[in-house]
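The values are calculated or read from the model by the stated rules, or taken from the named source; none is laboratory data. Because the structure is a prediction, the values reported are computed rather than measured. Note that we place each Cβ from the backbone using ideal geometry, even for glycine, and neighbour counts take in every protein chain shown.
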Protein chains: 2
Amino acid sequence: MTMKGLSIKQISELSGVSTATVSRVINHNGRFSKETEERVLAVIQEYQYVPNMVARGLRRNASAIVGVIVPDITNEFFARIVLKIQMQLFERNFSAVICNTNENEQLESSHLQFLRAQNVSGLIFISGNPSHVQPSESLPTVFIDRRPKDVKARDTIIIESDNVHGGYLAGKALLAHGARRIATIMDSRMHTAGQTRFMGFEKAMKEAHVPIDPHLQLQVPEIGFRAAHECILKLLDAGESFDGLFCGTDWLAMGALAALHERGVHVPTQVKVVGFDDVSIATFSSKPITTIRQDAEKMGEMAVDLLLMRIAGSKIEHPHRVLEVELIQRATTGIIS
Amino acid sequence: MTMKGLSIKQISELSGVSTATVSRVINHNGRFSKETEERVLAVIQEYQYVPNMVARGLRRNASAIVGVIVPDITNEFFARIVLKIQMQLFERNFSAVICNTNENEQLESSHLQFLRAQNVSGLIFISGNPSHVQPSESLPTVFIDRRPKDVKARDTIIIESDNVHGGYLAGKALLAHGARRIATIMDSRMHTAGQTRFMGFEKAMKEAHVPIDPHLQLQVPEIGFRAAHECILKLLDAGESFDGLFCGTDWLAMGALAALHERGVHVPTQVKVVGFDDVSIATFSSKPITTIRQDAEKMGEMAVDLLLMRIAGSKIEHPHRVLEVELIQRATTGIIS
DNA sequence: GTGAAAGCGCTAACAG
DNA sequence: CTGTTAGCGCTTTCAC
């Protein structure tokens, strides 16, 4: 049933040249006269011929496919990165095979094996575990917001937001709005990202000589809203008091806001809240969330650029890129006091 | 640099048989003795051999890749469908190439051409325009929430939610909570989905002999929140009054809620609101949204099942599947009066 | 400038 | 049961 497209052979016959010449014309490679080129191109145009990428992939031993490993595409922040990656690759005549891992290592290695079998020419890892990826993998790879187990290779491509600075900005903002007893809540799955954000936060506190109460530094193992909601409820019910809260994620902030609301704690008068990511919920929440914006699109774009450079074998100047983050002030911190 | 994996040839030499036999063992195809099988399998195991899918694809003229066309993966509802599709395909040793179209027809056809070149063995279209897809495309295809231009072929696979019933349930719910002057707001990009939802709504109104005021039936051209927000603000400021609102999307509902809030209209006392999709925002909004739940996961699962059946050439009993929807009562409608 | 021919890794006749 | 062989559609020497 599946209508077979024409092959290079038919095109060659139709235009009265050899397949080799057609190939040369298609790939702008080698010599051919202006005339033949035009003739061949005309036939290609007329018959809407599209070269079979599978065959080309086999011959060149390199498909135009890139594997993208992402924990959960349902997460808007990841989806934004993936979307950009996909668009960017498409522009360069590549395609992306997106693989969700659900944070499951086993699933991840199945995916990896699968991608290898598909002969992908590169890999992009988004977030997740500090990655057991074999450095011997030897496939061009870029890591977004994630590090390979040992970054011994000095030319490993890593793209990440300036999480330290993000944490710092969040801390400063909270302080500027008068908060002095500040809680933090991090998703433990954020690994290094979470840790570095906290480091920045710490730095802000130190600079201002504001103590950090260990009881107020929370970790949640689960995704976003529900975990934070529960956790903050518990904290409140335990009688802990605080006037500031830095959340590692906007969804964590949403959960926290709900919990605070339920216990009658007003935001921002009683507690100031800062999130992270600047996902759409941060804008559209009934109480818009002050947050640290990460540039997901830039991350995706840069990932593709660098990966394609590596695939092409070009030298990459700064393989470790750190992207700027930005404080977005909204309702959960209120007006500067 | 890229470490080449072994080929079937090496495996055949290593296990002292011909490549043909190795191939047979791998594919459980044809005859071979128990012993040879074990020997070959052992070698494969030892060397972690993974067959090159590109070569297989070329030979069999069928890759294990399915193309997925989706308007915007950043939309949670679509992301959920895509996620399920991807997982489901992976289990069956297929992979998905996801293509975002941004509702752009030209981009869509580029994608299509690209996918053809990749020799995908099937296509899944999610939502979007009533589709100019060539029926002559002749590639196994399933449509989710979308129809090809002419559904003349009686065996076209279409999967959709029972949008009529969804609209009906929404209308009934609004009525049950005492609403009598009910506005609707649909995303014009939802095309048939939006229209059918409205039809169901109409039916509910007719049954209850409640008139529908044309002034209150709104269409917005843009995505979700912002458009609805603006639109409802305008409606309110024009002095139109209503006590119920059916939104074609949860994000539309969010925008509407924000607008109502800004104008001091209380939900649900003054206006009852019902959304559609049951996306996470509906649960986690500070005012949880009553909505019509669509089963995104089921849609994805079913899409893969049917597509793979079609690819395999099996007969498909009911190619037009309509999935049940469910009313989820939450805060925006309040208690039944 | 162009063609003939080999071969990428795999599968599917066809022999034996 | 197993090996030999041809060929999927394309690119790429190597001749001419």
In the range A:84-105, residue modelled with the lowest pLDDT [restricted to those that are surrounded by fewer than 23 Cβ atoms within 10 Å (Cβ to Cβ) and touching an Asp or Glu at 6+ places or on another chain (Cβ under 8 Å)]: A:103
So which residues in the range B:308-337 are out of contact with any His (no Cβ under 7 Å at 6 or more places or on another chain) and surrounded by 24 or more Cβ atoms within 10 Å (Cβ to Cβ), if there are any at all? B:332
Reported set for the range A:89-126 where residues are hydrophobic (A, V, I, L, M, F, W, C) and in a strand (DSSP E or B) is A:96, A:97, A:98, A:99, A:123, A:124, A:125, A:126
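For the range A:241-259, does any single residue satisfy the condition of being without any contact (Cβ under 8 Å) to a residue 24 or more places away in the chain and surrounded by fewer than 17 Cβ atoms within 10 Å (Cβ to Cβ)? Full working, then the answer.
Residues of the range A:241-259 without any contact (Cβ under 8 Å) to a residue 24 or more places away in the chain: none.
So far as the range A:241-259 goes, no, none of its residues is without any contact (Cβ under 8 Å) to a residue 24 or more places away in the chain and surrounded by fewer than 17 Cβ atoms within 10 Å (Cβ to Cβ).
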How many residues of the range B:1-29 are within 7 Å of DNA strand C (Cβ to nearest atom) and part of a loop (DSSP other than H, G, I, E, B)? The answer is 3
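Of all residues being of a type in the set (Val, Ile, Thr) and under 41 Å from the mean Cα position of the chain (by Cα) in the range A:9-41, which is nearest to residue A:116 (Cα to Cα)? Just the residue, please.
Restricting attention to the range A:9-41, the residues satisfying the condition of being of a type in the set (Val, Ile, Thr) are A:11, A:17, A:19, A:21-22, A:25-26, A:36, A:40.
Next cut, under 41 Å from the mean Cα position of the chain (by Cα) only: A:22, A:25-26.
Working: A:22: 30, A:25: 30, A:26: 27 Å.
Selected residue: A:26.
In this structure, does residue A:65 turn out to be among the hydrophobic types (A, V, I, L, M, F, W, C), away from DNA strand D (no atom under 14 Å from the Cβ) and not assigned by TED's automatic domain parsing to the domain that holds residue A:189? Break it down stepwise before answering.
Working: among the hydrophobic types (A, V, I, L, M, F, W, C): yes; away from DNA strand D (no atom under 14 Å from the Cβ): yes; not assigned by TED's automatic domain parsing to the domain that holds residue A:189: yes.
When the stated conditions are applied, residue A:65 passes them.
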Can you pull out the helices (runs of 4 or more DSSP H) entirely within the range B:186-272 that have at least 1 residues that are basic (Lys, Arg) and more than 23 Å from residue B:146 (Cα to Cα)? B:191-207, B:224-237
How about the range B:174-207: which of its residues are of a type in the set (Val, Ile, Thr) and in contact with a strand residue (DSSP E or B) (Cβ under 8 Å, 6 or more places away or on another chain)? B:182, B:184, B:185
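Being more than 7 Å from every other protein chain (Cβ to nearest Cβ) and not in a helix (DSSP H, G or I) is the filter here; which residues of the range B:73-88 pass it? I'd like the intermediate steps shown before the answer.
Step one: filter the range B:73-88 for residues more than 7 Å from every other protein chain (Cβ to nearest Cβ), giving B:75, B:77-78, B:81, B:84-85, B:88.
Result: B:75, single match.
Here is a yes/no grid of residues against (1) more than 14 Å from chain A (Cβ to nearest Cβ); (2) more than 7 Å from DNA strand D (Cβ to nearest atom):
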position	(1), (2)
B:12	yes, yes
B:16	yes, no
B:19	yes, no
B:22	yes, yes
B:30	yes, no
B:40	yes, yes
B:45	no, yes
B:58	no, no
For the range B:311-337, name all the residues that are without any contact (Cβ under 8 Å) to a residue 24 or more places away in the chain and assigned to a helix (DSSP H, G or I). B:312
Let me confirm something: among A:44, A:69, which residue is away from DNA strand C (no atom under 12 Å from the Cβ), part of a strand (DSSP E or B) and within 40 Å of the chain's Cα centre (by Cα)? A:69
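Based on this model, can you work out whether residue B:98 counts as under 15 Å from residue A:74 (Cβ atoms) and facing chain A (nearest Cβ under 10 Å)? Write out each step before concluding.
On the way: under 15 Å from residue A:74 (Cβ atoms): yes; facing chain A (nearest Cβ under 10 Å): yes.
Taking the combined requirement at face value, the residue satisfies it.
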Determine which single condition residue A:291 fails, assuming it passes every other condition in (1) away from every other protein chain (no Cβ under 12 Å); (2) touching a residue at least 60 places away in the same chain (Cβ under 8 Å). (2)
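Name every residue in the range A:147-171 that is touching a residue at least 60 places away in the same chain (Cβ under 8 Å) and within 20 Å of residue A:245 (Cβ to Cβ), in order of residue number.
Going residue by residue through the range A:147-171, those that are touching a residue at least 60 places away in the same chain (Cβ under 8 Å) are A:154-163, A:165-167, A:169-171.
Those that are touching a residue at least 60 places away in the same chain (Cβ under 8 Å) and within 20 Å of residue A:245 (Cβ to Cβ): A:163, A:165, A:166, A:167, A:169, A:170, A:171.
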Contact list please: Cβ distance under 9 Å, first residue in the range B:260-281 and surrounded by fewer than 19 Cβ atoms within 10 Å (Cβ to Cβ), second residue among the basic types (Lys, Arg), pairs at least six apart or on different chains. B:261/B:287
Would the range A:236-248 turn up any residue that is within 14 Å of chain B (Cβ to nearest Cβ) and out of contact with any strand residue (DSSP E or B) (no Cβ under 6 Å at 6 or more places or on another chain)? no
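Going through A:78, A:94 one at a time, which residue ends up being touching a strand residue (DSSP E or B) at 6+ places or on another chain (Cβ under 7 Å) and under 13 Å from residue B:83 (Cα atoms)?
On the way: A:94 fails: under 13 Å from residue B:83 (Cα atoms).
Answer to the check: A:78.
For residue B:308, are the conditions met, namely being among the hydrophobic types (A, V, I, L, M, F, W, C), assigned to a helix (DSSP H, G or I) and away from every other protein chain (no Cβ under 14 Å)?
Numbers: among the hydrophobic types (A, V, I, L, M, F, W, C): yes; assigned to a helix (DSSP H, G or I): yes; away from every other protein chain (no Cβ under 14 Å): yes.
Considered against the rule, which asks whether it is among the hydrophobic types (A, V, I, L, M, F, W, C), assigned to a helix (DSSP H, G or I) and away from every other protein chain (no Cβ under 14 Å), residue B:308 comes out as yes.
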